[in-house]
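The values are calculated or read from the model by the stated rules, or taken from the named source; none is laboratory data. Note that the structure is a prediction, hence the values are computed from the model and not measured. Because the Cβ atoms are built from the backbone with ideal geometry, glycine has one as well, and the counts that use them run over all protein chains shown. These accessible areas exclude ligands, DNA and RNA; they are computed on the full protein's heavy atoms, side chains included. Shrake-Rupley method; radii C 1.70, N 1.55, O 1.52, S 1.80 Å.
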Amino acid sequence: MTLVLQSVALAARNVARQRRRALLALATLAGGVIAYLLAGGFINWIFQDMRESTIHSQLGHIQITRPGYFREGLGDPYAYLLPSDTAAVTEAVGERLRTVAPRLAFSGLLSKDDATVSFVGEGIDPEKEAPITRAIIIAAGSDLPNSPPNSVLLGEGLAANLGAAPGDSVVLLATTASGGANAVELTVSGTFATVTKAYDDTVLRVPIDVARKLMRVDGATSWAVLLDRTEATEAITQSLREALPSAEFEVIPWNELADFYNKTVELFSRQIGVVRILIALIVILSISNTLSMAVIERTGEIGTSMALGVRRRGVLMLFIFEGALLGLAGGIIGVALGYLCGEIVSLIGIPMPPPPGMARGYIGAISISPALALDAFLLAFVTTLVASVFPAWKASRMNIVDALRHQR
């Protein structure tokens with residue numbers, strides 16, 4: 001233990017003695033950590049924002065349907081109807097529940113004057129649905145809770161394709177559950193936009209009573225459950241699966257339905273993995289070069305130490321400890337500066353153009369989680385240790401006589 005402490009103290013003195021080289025190494029380490037934190041923090045923010053936007057614009061935290069509805073029931077949704085009463089869900093979730101909203105899916109043709117387009121419809125309870133869909137942007141007009149019962153809310157792209165605006169009268173034509181035709185005339189209350197442009201181009205929303213009347217059915221095709229926090233989704237999903245009969249109900253968490261979100265996470269995770277590898281390579285090459293130059297410059301010193309009785313293992317430990325101290329200092333400085341830069345950038349905001357599949361740009365930010373900060377610190381520390389192994393081994397394998405003759 002004493003030998004280790006002596007080696008650490010001597011390594012610290014050697015690092016302090018070589019100020020210029022040490023500062024260059026620290027700058028490289030800190031710069032790599034800052035770049036990794038900013039890139040990872042931005043992607044973290046995208047994940048968080050997209051997750052909450054997906055939950056609060058379409059899916060809620062949990063969807064409850066009849067078994068097989070999302071796999072087989074989209075062609076005949078009315079064979080998978082749920083009852084109107086959601087008391088079983090309220091009782092099973094308890095105080096974590098914010099709302100449970102019934103939804104009725106339907107489709108048909110939407111007409112205004114001479115224009116007709118196809119649509120996918122959602123019958124909703126406006127009051128119960130409001131907390132779930134708070135991320136929906138009302139682009140024009142007003143939302144359903146603030147509109148008369150005979151209103152319809154159109155997706156922004158759907159309204160543009162039809163040439164409809166708030167206040168216009170439109171006709172919904174659909175095939176009922178029994179196979180007949182039915183139509184209803186509604187007034188456009190407004191248009192909406194979500195994070196997914198394809199959704200906005202095809203979907204409209206009406207009060208669920210209107211949808212039931214149009215399709216001549218009762219009940220709902222799904223129940224959307226909103227919790228008090230997203231992190232509770234997994235636990236509540238398990239509780240609902242235990243409380244509700246599996247033969248009658250299927251409980252699906254939001255992440256199993258968010259295909260666009262899952263693909264985005266997979267893509268960006270690979271990108272941040274590439275960034276991690278590049279930064280690791282830069283750190284390894286930089287620190288290895290720094291310590292290799294230190295070994296060359298201190299060849300005579302190393303030879304003298306070994307002639308005085310310092311074992312090869314002691315020389316090896318000395319240079320590894322020097323690398324460890326550089327990694328420790330560089331990691332801490334980089335994380336601290338990365339947090340500071342992240343806060344400054346978030347305060348200013350990052351204007352971003354609309355990404356593929358979205359209609360609007362957004363203002364980005366940096367979200368540095370403790371896990372990301374730890375990952376960045378370990379990236380600096382571990383890669384520095386790895387980079388110091390070869391120079392340390394090279395120094396420990398020197399021939400004493402050749403080392404003493406160096407530059408004489």
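At a glance:
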| quantity | calculated |
| --- | --- |
| Number of positions in segment 89-126 that are open to solvent by 50 Å² or more (accessible area, probe 1.4 Å) and farther than 13 Å from Leu204 by Cβ | 8 |
| All positions within segment 77-86 that are open to solvent by less than 50 Å² (accessible area, probe 1.4 Å), farther than 11 Å from Phe249 by Cα and part of a helix (DSSP H, G or I) | Pro77, Tyr78 |
| Among (1) at pLDDT 85 or above; (2) over 29 Å from the mean Cα position of the chain (by Cα); (3) charged (D, E, K, R) - the single one Glu72 does not satisfy | (1) |
| Which numbered condition Leu74 misses (of (1) in a helix (DSSP H, G or I); (2) hydrophobic (A, V, I, L, M, F, W, C); (3) open to solvent by 50 Å² or more (accessible area, probe 1.4 Å)) | (1) |
| Count - residues of segment 225-249 that are closer than 20 Å to Arg71 by Cα and out of contact with any helix residue (DSSP H, G or I) (no Cβ under 7 Å at 6 or more places or on another chain) | 7 |
| Unmet criterion (only one of (1) touching a strand residue (DSSP E or B) at 6+ places or on another chain (Cβ under 7 Å); (2) of a type in the set (D, E, K, R); (3) closer than 30 Å to Cys341 by Cα) for Asp49 | (1) |
| Options Leu154, Leu173; residue that is within 24 Å of Ala224 (Cβ to Cβ), modelled with pLDDT of 90 or more and in a strand (DSSP E or B) | Leu154 |
| Number of the condition not met by Thr116 [criteria: (1) under 18 Å from Trp254 (Cα atoms); (2) part of a strand (DSSP E or B)] | (1) |
| Count - residues of segment 261-306 that are loosely packed, with under 15 Cβ neighbours inside 10 Å, among the hydrophobic types (A, V, I, L, M, F, W, C) and at pLDDT 65 or above | 7 |
| Wholly within segment 202-284, strands (runs of 3 or more DSSP E) carrying at least 2 residues that are over 25 Å from Asn146 (Cα atoms) | 250-253 |
| Check on Ala160, among the hydrophobic types (A, V, I, L, M, F, W, C) and not in a helix (DSSP H, G or I) | no |
| Single match in Glu248, Glu231 (criterion: open to solvent by 10 Å² or more (accessible area, probe 1.4 Å), out of contact with any strand residue (DSSP E or B) (no Cβ under 7 Å at 6 or more places or on another chain) and free of Cβ contacts under 8 Å to residues at least 24 places away in the same chain) | Glu231 |
| Any chance Leu378 is open to solvent by 30 Å² or more (accessible area, probe 1.4 Å), aliphatic (A, V, I, L, M) and modelled with pLDDT of 80 or more | yes |
| Matching residues, segment 187-223, being within 28 Å of the chain's Cα centre (by Cα) and not β-branched (Val, Ile, Thr) | Phe192, Ala193, Lys197, Ala198, Tyr199, Asp200, Asp201, Leu204, Arg205, Ser222, Trp223 |
| Subset of segment 76-129 [of a type in the set (Lys, Arg) and either touching a residue at least 60 places away in the same chain (Cβ under 8 Å) or within 21 Å of Ala164 (Cα to Cα) (or both)] | Arg96, Arg98, Arg103, Lys112 |
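One line per residue, one yes/no per condition, for (1) at pLDDT below 75; (2) open to solvent by 30 Å² or more (accessible area, probe 1.4 Å):
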{"site": "Gln6", "(1), (2)": "yes, yes"}
{"site": "Ala9", "(1), (2)": "yes, yes"}
{"site": "Arg20", "(1), (2)": "no, yes"}
{"site": "Leu24", "(1), (2)": "no, yes"}
{"site": "Leu29", "(1), (2)": "no, no"}
{"site": "Gly32", "(1), (2)": "no, no"}
{"site": "Phe42", "(1), (2)": "no, yes"}
{"site": "His56", "(1), (2)": "no, no"}
{"site": "Thr65", "(1), (2)": "no, no"}
